[in-house]
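Colleague: Before I ask anything, here is the structure I am working with.
The values are calculated or read from the model by the stated rules, or taken from the named source; none is laboratory data. Just so we're clear, the structure is a prediction, and the values are computed from it rather than from any experiment. Note: ideal-geometry Cβ built from the backbone for every residue, glycine included; neighbour counts use all protein chains shown. All accessible areas refer to the heavy atoms of the entire protein, side chains included, with ligands and DNA or RNA removed. Shrake-Rupley method; radii C 1.70, N 1.55, O 1.52, S 1.80 Å.
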Amino acid sequence: TKSIEWMYEREWRILELSTEPANYTFPPDKLTGLILGYRMERKARDEVLELVAEGAPGLRIYESLPNDQEYKMRLNPLD
């Protein structure tokens, strides 16, 4: 869930309700970046990074981290 304060963000989220693993394919020109969640498990994070390296090697990847000054997250680019 998100606070209404972040309503201005025009983001899309994918929520998998199945317990079975699934892969999603997107046209590379439709993705502008990928944000890894702050509480994402390490194993899942590593798997996502591996898939991106194979399927969209130039995609910008960020990790979300808490902002110490405000009620919001900051995005840290991964190199």
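Colleague: Quick one: would you say Ile61 is hydrophobic (A, V, I, L, M, F, W, C) and under 19 Å from Ser3 (Cβ atoms)?
Modeller: On the way: hydrophobic (A, V, I, L, M, F, W, C): yes; under 19 Å from Ser3 (Cβ atoms): no.
When the stated conditions are applied, Ile61 does not pass them.
Colleague: Could I ask something else about it? Considering each of Ile35, Ile4 in turn, give the residue that is β-branched (Val, Ile, Thr) and modelled with pLDDT of 90 or more.
Modeller: Among Ile35, Ile4, only Ile35 is β-branched (Val, Ile, Thr) and modelled with pLDDT of 90 or more.
Colleague: Please go through segment 67-79 and pick out each residue that is out of contact with any Phe, Trp or Tyr (no Cβ under 6 Å at 6 or more places or on another chain), under 19 Å from Met7 (Cα atoms) and either open to solvent by 60 Å² or more (accessible area, probe 1.4 Å) or touching a residue at least 60 places away in the same chain (Cβ under 8 Å) (or both).
Modeller: The answer is Glu70, Tyr71, Lys72, Met73, Arg74.
Colleague: Those residues that are open to solvent by 100 Å² or more (accessible area, probe 1.4 Å) and acidic (Asp, Glu), I need them from segment 20-46; list them, please.
Modeller: Glu20, Asp29, Glu41 - these are the residues of segment 20-46 that are open to solvent by 100 Å² or more (accessible area, probe 1.4 Å) and acidic (Asp, Glu).
Colleague: Residue by residue through segment 47-66, note down the ones that are surrounded by 10 or more Cβ atoms within 10 Å (Cβ to Cβ) and not in a strand (DSSP E or B).
Modeller: Glu47, Val48, Leu49, Glu50, Leu51, Val52, Ala53, Gly55, Ala56, Leu59, Arg60
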